[in-house]
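Just below is one structure, and these are the notes that go with it.
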Amino acid sequence: MNDFDSDMAAGLLKKEGHEIVQDDDSADVILFNTCSVRQHAEDRVLGQLAELKGEKKKRPDLVIGVMGCMVENYKTKFFADYPHVDILIGTRSIPELPKAIETVRTERRQVLELAKTGFGYELLEMPRLEGKFHAYLPIMTGCDKVCSFCIVPYVRGREISRPLREVADEVRRLAEIGVKHVTLLGQNVNSYGKTVASGESVSADFATLLRAVSKVPGIEKIGFTTSHPEDASEELFQAIRDEDKISRRFHLPLQSGSDFILERMKRDHTLAEYRKKIDRMRELIPDIAVTTDIIVGFPGETDADYEATKKALADIQFDGAFIFKYSPRPHTAAARWEDSMPMDEKNRRNNELLNLQKEITKRKNQTWLGRTVKVMVEDMSKKSREEVLARTWQEKKVVFKGSGTLIGSSLRVRLEQVFDETYRAEVVSIPPPPRADHSGRPAKTGASSSSERAGTKEFQPE
Ligand code: 5AD
Ligand code: SF4
């Protein structure tokens, strides 16, 4: 979601004639897109903002802006603590960014934009995606759940979905400009359609949306993130089973293997209910790769609770897991509970689970060796100019011999070896040479540099 927001901000600014540069020295405007999920991410931004104080003294015309969740979290307190910040843009106000920069420059005043209603992405222009094969596409935003550790409902607001027709139109437009792979985004995409934006009466669930997007010609791969166990439905699993464009990686946060902790986390499910979903998903879609998020050191987590989480990881055998140390967040219920576990112990639990999962991932990855699978080529390999980097439908990384002309195409490869979670493969079938696509224009096969490519990230979290 944050990558999408950064992309959108860059696109809007480019459209206004701004140029995107990566170094602070040559920039007239420095923007921070921020995340509030854990304290660590906030601390890094605050540190960098403090460092810019001197720069702003030297260059008073420098415009400094902060976007995203931290703005919703701190609001005007930001201006009080960091008076050299000029612009604060909340999570649903990114389209206001170009105007805000203009206002600072012409009126020399600070600008705060917070919008708690609406989607914030309407009328999105997409020139920034020309020549790219992958696009993020938000289908809903906000979250109506109240997980007791999570700041998201406070900084992203109430849940709201974009109408199905609007999403389908946007996917068609993306396909027309050459996009082949879309990643549907939302805090809880599984509850898509429960609260629809702009008064639209058509209500559809996420399974229906996935089936509709699968029908769009030109789109070859569809990913989505992130899911919630309570809303991950039988219909959704059936849609994935039936539509082979849909990615076979399902990220389903478990958070803890202890029912006592799950209850305190207000996750609305037990471990047994979670397992039932995974078992059913694996039954219907045998080639599905399941990944998860785990929090260690949640207030009240005893040794026995932690052992239950360890056992759940060993039993469920995820393909991958993010392990987080609990971090108390303002506004949340858990922040009022005692967070008494020493950091050393949180670190120990974190490392132990990381090591356990690493072994499981390694074993699972080996079971794929010798198989022929479909992959989509995403980039050149970082290590060799003669190799390309692709991902399987399970979102596992694969390298093999090939040139930049393959970027964005799907082909079949045989997985020969695996090192550090990356496979080495042999090509089995090469895609046909470039030809006119459904839009009547030549198919795009040119290499795109990794900086302009909106590539998928490892297990993108909520
Ligand atoms: N502390 C630690 N991890 C958290 N997450 C969300 N809030 C917190 C917190 N307060 C983790 C959850 C979620 C992922 C995106 O971040 O595991 O699924
Ligand atoms: Fe919503 Fe996910 Fe946060 Fe729970 S963890 S409140 S489902 S965003």
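The values are calculated or read from the model by the stated rules, or taken from the named source; none is laboratory data. From a predicted model like this one, the values you see are computed outputs, not experimental measurements. Cβ atoms come from the backbone with ideal geometry, glycine included; neighbour counts cover every protein chain shown.
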Subject >> Those strands (runs of 3 or more DSSP E) lying entirely in the stretch 5-95 with at least 1 residues small (G, A, S) >> reply: 63-68
Original post:
Which condition does W337 not pass, out of (1) out of contact with any strand residue (DSSP E or B) (no Cβ under 6 Å at 6 or more places or on another chain); (2) buried (at least 20 other Cβ atoms within 10 Å of the Cβ), if it passes all the others?
Top reply: (2)
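A quick yes/no check of all residues on (1) modelled with pLDDT of 95 or more; (2) part of a strand (DSSP E or B); (3) surrounded by fewer than 16 Cβ atoms within 10 Å (Cβ to Cβ); (4) of a type in the set (S, T, N, Q):
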{"residue": "I360", "(1), (2), (3), (4)": "yes, no, no, no"}
{"residue": "R363", "(1), (2), (3), (4)": "yes, no, yes, no"}
{"residue": "V377", "(1), (2), (3), (4)": "yes, yes, no, no"}
{"residue": "K382", "(1), (2), (3), (4)": "no, no, yes, no"}
{"residue": "R391", "(1), (2), (3), (4)": "yes, yes, no, no"}
{"residue": "V399", "(1), (2), (3), (4)": "yes, yes, no, no"}
{"residue": "Y423", "(1), (2), (3), (4)": "yes, yes, no, no"}
{"residue": "E426", "(1), (2), (3), (4)": "yes, yes, yes, no"}
Original post:
Does D293 satisfy the criteria of being out of contact with any Phe, Trp or Tyr (no Cβ under 7 Å at 6 or more places or on another chain) and in the same structural domain as S258 (by TED's automatic domain parsing)?
Top reply: no
**OP:** Please go through the stretch 241-254 and pick out each residue that is surrounded by fewer than 22 Cβ atoms within 10 Å (Cβ to Cβ) and hydrophobic (A, V, I, L, M, F, W, C).
**Re:** L252
Original post:
Within the stretch 271-328, which residues are within 16 Å of ligand 2 (Cβ to nearest atom) and among the aliphatic types (A, V, I, L, M)?
Top reply: I294, I295, V296, A321, I323
**OP:** State whether one or more residues within the stretch 45-65 are at pLDDT 90 or above, out of contact with any strand residue (DSSP E or B) (no Cβ under 8 Å at 6 or more places or on another chain), within 30 Å of V182 (Cβ to Cβ) and not aromatic (F, W, Y).
**Re:** no
Subject >> Given (1) hydrophobic (A, V, I, L, M, F, W, C); (2) in contact (Cβ under 8 Å) with a residue 40 or more places away in the chain; (3) within 16 Å of ligand 2 (Cβ to nearest atom), index of the condition L13 fails >> reply: (3)
Original post:
Is it fair to say A232 is assigned by TED's automatic domain parsing to the domain that holds L271 and at pLDDT below 95?
Top reply: no
**OP:** Please state which of the following conditions A41 fails to meet, knowing it meets all the rest: (1) over 21 Å from Q187 (Cβ atoms); (2) free of Cβ contacts under 8 Å to residues at least 12 places away in the same chain.
**Re:** (1)
Subject >> Members of the stretch 45-57 that are closer than 14 Å to C69 by Cα and out of contact with any helix residue (DSSP H, G or I) (no Cβ under 8 Å at 6 or more places or on another chain) >> reply: L46
Subject >> Among (1) over 23 Å from G320 (Cα atoms); (2) under 17 Å from the mean Cα position of the chain (by Cα); (3) among the aromatic types (F, W, Y) - the single one F260 does not satisfy >> reply: (2)
Subject >> F149, sole failed condition from (1) surrounded by 23 or more Cβ atoms within 10 Å (Cβ to Cβ); (2) at pLDDT below 90; (3) more than 17 Å from the chain's Cα centre (by Cα) >> reply: (2)
Subject >> Filtered residues of the stretch 144-166 (kept if part of a loop (DSSP other than H, G, I, E, B) and either farther than 14 Å from Y74 by Cα or more than 16 Å from ligand 1 (Cβ to nearest atom) (or both)) >> reply: D144, K145, V146, C147, S148, F149, C150, G157, R158, E159, R162, P163
Original post:
Can you find even one residue in the stretch 285-295 that is within 18 Å of A232 (Cα to Cα), touching a residue at least 60 places away in the same chain (Cβ under 8 Å), more than 16 Å from ligand 1 (Cβ to nearest atom) and surrounded by fewer than 18 Cβ atoms within 10 Å (Cβ to Cβ)?
Top reply: yes
